[in-house]
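Novice: One structure follows; several queries about it will come next.
The values are calculated or read from the model by the stated rules, or taken from the named source; none is laboratory data. Every value quoted in this text rests on a predicted model; they were computed, and no experiment measured them. Here the Cβ positions follow ideal geometry from the backbone for every residue, glycine too, while neighbour counts run over all protein chains shown.
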Amino acid sequence: MSFDKFGQDAEFEEWSQKIRDIMDEMEKRDFVHFRDSGTWQPATNVYETRETYFICVELAGVPRQQIEVECLERRRILIRGSRTQPRPEGVEGPLSIHAMEVDEGPFWREIDLSEPIDADRMEATYSEGYLWITVPRTTTE
C-alpha cells in the first residue's frame, strides 16, 4: 500500500472500501442500548378501577428476593432492585456480543398515583417475570 502525489494505489482503495462497508454495517445494527445513568427503568403498566390500582412491572430474570416495593407519602410506589447480566447456561469465559438489549444492573421505578392509597393493604405477587402490585385506594386524606 502506498501513496503518491496523485493519490493512493488500488490496495489502499480496497482497504478504504472495506472500512466503509464495516462502518455502514455498524450503522444498521443496534449493538448496545446505552443508558445515561447507572440505573434502568423496567417497563410498567398501571391500571385502575374505582377501588384499586393495579401495577404490572416486567422484571424477567430478576430473583424475587432482589425486588423491593415501598409506599412513599401515600401516593407513590417505589420499585427497585437489581438484575444480573444474562448468560447462556454452562458457558464460561468471554462471549462476543452481537446485540445487547436486555438491561442489567440496578433498576428503579417510581409511580405517582393521583389519589391516596391504603399502603397497609397493598399486595405484591411475582410470577413468570411479572411483578403485580395491587394497591387499594383510600377514601380519606
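Novice: Within the range 53-79, how many residues are surrounded by fewer than 16 Cβ atoms within 10 Å (Cβ to Cβ) and either over 17 Å from Val135 (Cβ atoms) or of a type in the set (Lys, Arg) (or both)?
Specialist: The total comes to 10.
Novice: Which of the numbered conditions does Phe3 fail, given that it passes all the others? Conditions: (1) surrounded by 10 or more Cβ atoms within 10 Å (Cβ to Cβ); (2) at pLDDT below 95.
Specialist: All conditions are met except number (1).
A quick yes/no check of all residues on (1) assigned to a loop (DSSP other than H, G, I, E, B); (2) surrounded by 12 or more Cβ atoms within 10 Å (Cβ to Cβ); (3) at pLDDT 90 or above; (4) of a type outside the set (S, T, N, Q):
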{"residue": "Ser82", "(1), (2), (3), (4)": "no, yes, yes, no"}
{"residue": "Arg87", "(1), (2), (3), (4)": "yes, no, no, yes"}
{"residue": "Gly90", "(1), (2), (3), (4)": "yes, no, yes, yes"}
{"residue": "Ser96", "(1), (2), (3), (4)": "yes, no, no, no"}
{"residue": "Arg109", "(1), (2), (3), (4)": "no, yes, yes, yes"}
{"residue": "Thr125", "(1), (2), (3), (4)": "no, no, yes, no"}
{"residue": "Trp132", "(1), (2), (3), (4)": "no, yes, yes, yes"}
{"residue": "Val135", "(1), (2), (3), (4)": "no, yes, yes, yes"}
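Novice: Only one residue in Gly90, Gly129, Gly105 is at positive phi and free of Cβ contacts under 8 Å to residues at least 12 places away in the same chain. Which one? Break it down into steps so the answer makes sense when it comes.
Specialist: Details: Gly129 fails: free of Cβ contacts under 8 Å to residues at least 12 places away in the same chain; Gly105 fails: free of Cβ contacts under 8 Å to residues at least 12 places away in the same chain.
Criteria check complete, one pass: Gly90.
Novice: Please state which one of Arg74, Arg137, Arg83 is under 18 Å from the mean Cα position of the chain (by Cα) and either under 15 Å from Ala43 (Cβ atoms) or in contact (Cβ under 8 Å) with a residue 40 or more places away in the chain (or both).
Specialist: Being under 18 Å from the mean Cα position of the chain (by Cα) and either under 15 Å from Ala43 (Cβ atoms) or in contact (Cβ under 8 Å) with a residue 40 or more places away in the chain (or both) holds for just one of Arg74, Arg137, Arg83, which is Arg83.
Novice: Given (1) touching a strand residue (DSSP E or B) at 6+ places or on another chain (Cβ under 7 Å); (2) modelled with pLDDT of 85 or more; (3) assigned to a loop (DSSP other than H, G, I, E, B), identify the lone condition not met by Gly38.
Specialist: (2)
Novice: Hey, can you tell me all the residues within the range 52-97 that are in contact with a helix residue (DSSP H, G or I) (Cβ under 6 Å, 6 or more places away or on another chain) and closer than 13 Å to Asp112 by Cα?
Specialist: Of all residues in the range 52-97, those in contact with a helix residue (DSSP H, G or I) (Cβ under 6 Å, 6 or more places away or on another chain) come to 71, 81-82.
If the condition is that a residue be in contact with a helix residue (DSSP H, G or I) (Cβ under 6 Å, 6 or more places away or on another chain) and closer than 13 Å to Asp112 by Cα, then Cys71 is the only one that fits.
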